[in-house]
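In what follows, a single structure is set out as C-alpha cells and then discussed.
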Amino acid sequence: MAGEDLKDLADRAAAEIAAAADEAALEAARVRYLGRKEGALTEATKRIAALPPNEKPAYGAALNDAKRRIGAALDQRGAALRESALARDLGGEREDMTLPPRRVRVGRLHPITQTIREVSRIFGTLGFETVEGPEIEWDYYNFEALNIPAGHPAREKWDTLWISNPLGDDPSRPILGRTHTSPMQVRVMEKRKPPIRVVVPGRCYRYEATDAIRESIFFQYEGLAIDEKLTMADLKGTLYAFARQVFGSDRKIRFRIDYFPFTEPSAEIAFDCFACEGRDPACHVCGGDGWIEAAGCGMVHPDVLRRVGYDPSQYQGFAFGGGIERLAMLRTGAPDIRLFYQNDLRYLEQF
Ligand code: PHE
C-alpha cells in the first residue's frame, strides 16, 4: 500500500466515523481502523518493514498523517455524540416544584462553649478581661508557685496526669496536664503590673474516675483581681453579682470557709441543688447534700504575691476558680456531665 492508498483509507475512515450513529458504531469504526489486532492501520504499519529503505520515510509520514486524521475524527464524533446524548437526557427532565427542599441543618455552639462565653461576658460586665493559658503546664506553675511543693499533702486534692517531658525528661522540671486554671494566676502576675482583673476559661485534666458530676477532662474558669485596696468583701460581691447574673436571684448561694494553699483566707462557694433542691437524700447530682460545690476562692496568699515580685503590703487581691460543666449543668438542668461529651446530637440540639 502506497502513501496515496493510505490517504484514501483515512478519507474512508473519516467519512465512516462522521456517520457513526451512536457510541457502539463509533467503537466498531475505531476497532476497524485502529484496533490492535486487525485494524487497517495496524496492518499497514506492519508493512513498513518490507519496504525498500528509500520508500520508508514517505510511507511513515503518510501513516502518521492517516493516524492523526482518524484519531481526530474519532474525538470529534465522540464529543458530538456525548453532547447530543446529554441534551436528550436533560430535555426529558422537568423540575418538580412540589418537591420539598432538603432540610438545612443549622449548626450551633456546644453548651459548654455557650457557658464559657456567658462566663466571659458576665465577668466582662464586672471589668474582667478574658485571657487563656497553656493546658500542658510546668509543675512549677500548677503547684510550686501556688505554695504546693513536692510532697505537700494538698497535692492529693489534684490527682494529676503527669506527662513525660519532651524536652529530654528533665526530672527537675516535670510537666503535667494542668489540674486547674490557677497556674494562670501566676503567669498573668509575672507578665503584668496591677491593677489586674482577668478571667481565664480553659480545659483541665485530672486522673480520676468519671461520674455524674466529674470528668477527667473538664473546663474551669479562673478569676484574679489584684489592686491596692481589695478585700474579701470585693471577692464576695463579685461572686454574688456573677451568680445572680447566671441564675437569677432565686438560686441560693452558700459561702463557707475552706482551705487552699494559695489563698488565705479561703472559701468555697456552693449553689443549692437544682435537681432535688435539697429534698432527695439519694439525689444523683448532689449526693443528698442539697448543695453543689461550684467554686473555690480566697485572698491571694502573700507568698504567691512575693514570688512574682509584688509587695503584699502594697497589693492584695482575690482569686476564684470554678467548674464550667457544673455551671452548664445548672444552666441547662443536665442531670449528668457525661451528656456533654457523648456528642449525641439528639441531646446537644436542645441548646
Ligand atoms: N484551683 C482551685 C481548684 O481547682 C480552686 C481555686 C481557685 C481556689 C482560686 C482558690 C482560688 O480546686
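Derivation of every value follows stated rules applied to the coordinates shown; laboratory data play no part. What you see is a predicted model; the values in this text were computed from it and never measured. With ideal geometry, Cβ positions are generated from the backbone for all residues, glycine too; neighbour counts draw on all protein chains shown.
Given the options Leu26, Leu230, Leu176, state which has the largest fluctuation in a GNM of the chain using a 10 Å cut-off (strictly under) for Cα springs.
Leu26
Could you tell me the center-to-center distance, by alpha carbons, between the range 187-218 and the range 96-146 in angstrom?
The distance from the Cα centre of the range 187-218 to that of the range 96-146 comes to 14 Å.
DSSP loop GluC sites (Glu not before Pro) in the range 89-192 with at most 12 other Cβ atoms within 10 Å of their Cβ, which ones?
Of the GluC sites (Glu not before Pro), the ones in loops of the range 89-192 whose Cβ has at most 12 other Cβ atoms within 10 Å are Glu93, Glu95, Glu132.
Between Ile269, Ile163, Ile324, where does the largest GNM mean-square fluctuation fall for the chain, given springs only between Cα atoms within less than 10 Å?
Highest fluctuation of the listed residues: Ile163.
Would you kindly calculate the mean projected area, averaged across all directions, of the convex hull enclosing the Cα atoms of the chain, in square nanometres?
Projected area, direction-averaged: 36.0 nm².
Which Cα, out of Ala24, Ile175, Ile226, lies furthest along the positive dipole direction of the chain (beta carbon charges, K/R +1, D/E -1)?
With unit charges placed on the Cβ atoms, the residue in question is Ala24.
Gap in Å between the Cα centre of the range 34-50 and the Cα centre of the range 236-307?
Between the Cα centres of the range 236-307 and the range 34-50 lies a distance of 93 Å.
Of the listed peptides 296-302, 43-49, 337-343, what is their order by residue-averaged count of other C-beta atoms within 10 Å, with the highest listed first?
Per-residue Cβ counts within 10 Å, averaged per peptide and sorted highest first, yield 296-302, 337-343, 43-49.
Taking the dipole about the Cα centre of the range 91-181, with the C-beta of Lys and Arg at +1 and of Asp and Glu at -1, give me whichever of Trp162, His152, Leu99 is farthest to the positive side.
Toward the positive end, the furthest listed residue is Leu99.
Calculate the dipole size of the chain relative to its Cα centre from +1 charges on Lys and Arg beta carbons and -1 charges on Asp and Glu beta carbons; express the result in debye to the nearest 20.
Dipole magnitude for the chain comes out near 580 debye.
Loop-only trypsin sites (Lys or Arg not before Pro) in the range 104-139, please: DSSP not H, G, I, E or B, and at most 12 other Cβ atoms within 10 Å.
Answer in residue order: Arg105, Arg108.
Taking the 0 to 90 degree range and rounding to the nearest ten, how far is the long axis of helix 111-125 tilted relative to the main principal axis of the chain, both from C-alpha atoms?
Roughly 50 degrees between the two axes.
How big is the dipole moment of the range 228-351 about its Cα centre under a simple scheme where the beta carbon of each Lys and Arg is +1, that of each Asp and Glu is -1, and everything else is neutral? Debye, nearest 20, please.
Values: 14 positive and 17 negative charges, 38 e Å.
Magnitude of the dipole: close to 180 debye.
Counting other Cβ atoms within 10 Å of each Cβ, which trypsin sites (Lys or Arg not before Pro) in the range 195-301 have at most 10 and sit in a DSSP loop?
Passing both the DSSP loop test and the Cβ count: Lys229, Arg279.
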